[in-house]
Amino acid sequence: MSDILTADEADYVRSIWSKFPESKAYQEIKKVISRNGGISASNKDHLLELRIAHALLSSGVELAYEVSGEGGSRIDLGFDTGPIAWNVEVFRLNETDALKLATKTRTMPDGITWTSQVLRDPRYPEDDPTQSVAGETLKVIERICQKLERGGRARKFSNAGATINVLLVDTRTFLNGGDALDYIQIALGGALVAQRERLYFKGNLLRGVFDPGNNQKGAKNARERLHFIGFLRDKLYDSRSIAAGTTFIANHNIFQDYERARSTITHWPLQPVHLV
């Protein structure tokens, strides 16, 4: 239901298509889009890149596209803001197979078509645990961790250093975009939310991306390399919606305290910034 290219998003991309002719990065993203069918559903990932690039360039930064990453990989965007350099990978979550199975469409006698998504309660044995809120949350954790490892080797971001590494995750296909509580469980784990809100999958408490107890593929690399996860819930598609729709969570394995994370994220060019 949410893994579509909406008319509003397509119209907004058309409205910014001719912007920033002087930016090599912006033009490179447009070339990729044009080669793959233009402003269409097949280019959803790259249309998101273009919208984020537009927002960043509008803030006054000079942008690079597909900068060198670890293990021969490429990172979507790179730029500087004063004393801080940033590497930003854009990650659009596609609908999971479980969510597709949980989506039902039926046509009523009067011709009206209804589409619904019903996520199960895994406390009941007849329910499929993958078609549940916990199952969907676990899948996001797995996919984020896997972005940082391939074939047993680290990829994308180098070890945490002077450059700040950010993964921007588009959550539109996850629980209608999710909320701050969902993002905390994804990034930090269930142990850091109230007992009644904790999610369990097959009896096991969910371990977040930055949780030292997470032994999934890529989790160690995430703990050592990724400074922030930005959860993007943008459904407005205007010049301010990227900033307004992004919630950041810092990696407590890298930042010694919240104030250091806050001091760093104040240099993020899209303000005001929301740091949980």
GLU197 - would you say it is without any contact (Cβ under 8 Å) to a residue 60 or more places away in the chain and either on the phi < 0 side of the Ramachandran plot or of a type outside the set (Val, Ile, Thr) (or both)? yes
MET1 fails exactly one of (1) aliphatic (A, V, I, L, M); (2) in a helix (DSSP H, G or I); (3) out of contact with any helix residue (DSSP H, G or I) (no Cβ under 7 Å at 6 or more places or on another chain); (4) modelled with pLDDT under 95, namely (2)
Answer from TYR65, TYR12 - the residue that is open to solvent by less than 40 Å² (accessible area, probe 1.4 Å) and either modelled with pLDDT under 95 or not in a strand (DSSP E or B) (or both): TYR12
In segment 221-257, the residues that are over 18 Å from ARG51 (Cα atoms), open to solvent by 10 Å² or more (accessible area, probe 1.4 Å) and touching a residue at least 40 places away in the same chain (Cβ under 8 Å): ASN221, GLU224, ARG225, HIS252, ASN253, ILE254
Can you spot a residue in segment 19-32 that is among the charged types (D, E, K, R), under 23 Å from GLN271 (Cα atoms) and either touching a Pro at 6+ places or on another chain (Cβ under 6 Å) or open to solvent by 70 Å² or more (accessible area, probe 1.4 Å) (or both)? yes
In segment 258-275, which residues are open to solvent by 70 Å² or more (accessible area, probe 1.4 Å) and closer than 16 Å to LEU188 by Cβ? TYR258, HIS274
Hey, can you tell me all the residues within segment 246-271 that are of a type in the set (A, V, I, L, M, F, W, C) and closer than 15 Å to ALA162 by Cα? ILE254, PHE255, ALA261, ILE265, TRP268
Can you tell me which residue is farthest from GLY213 (Cα to Cα) among those in segment 234-266 that are in contact with a Gly (Cβ under 6 Å, 6 or more places away or on another chain) and modelled with pLDDT of 95 or more? THR246
Matching entry among GLY38, GLY60 (being over 25 Å from ARG225 (Cα atoms), touching a residue at least 12 places away in the same chain (Cβ under 8 Å) and either of a type in the set (Lys, Arg) or assigned to a loop (DSSP other than H, G, I, E, B) (or both)): GLY60
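The values are calculated or read from the model by the stated rules, or taken from the named source; none is laboratory data. Computed from a prediction, not measured in an experiment: that's the story for all the values here. All Cβ positions, even for glycine, are placed from backbone atoms using ideal geometry, and neighbour counts span all protein chains on display. Areas reflect the complete protein model, heavy atoms only, side chains present, ligands, DNA and RNA absent. Shrake-Rupley method; radii C 1.70, N 1.55, O 1.52, S 1.80 Å.
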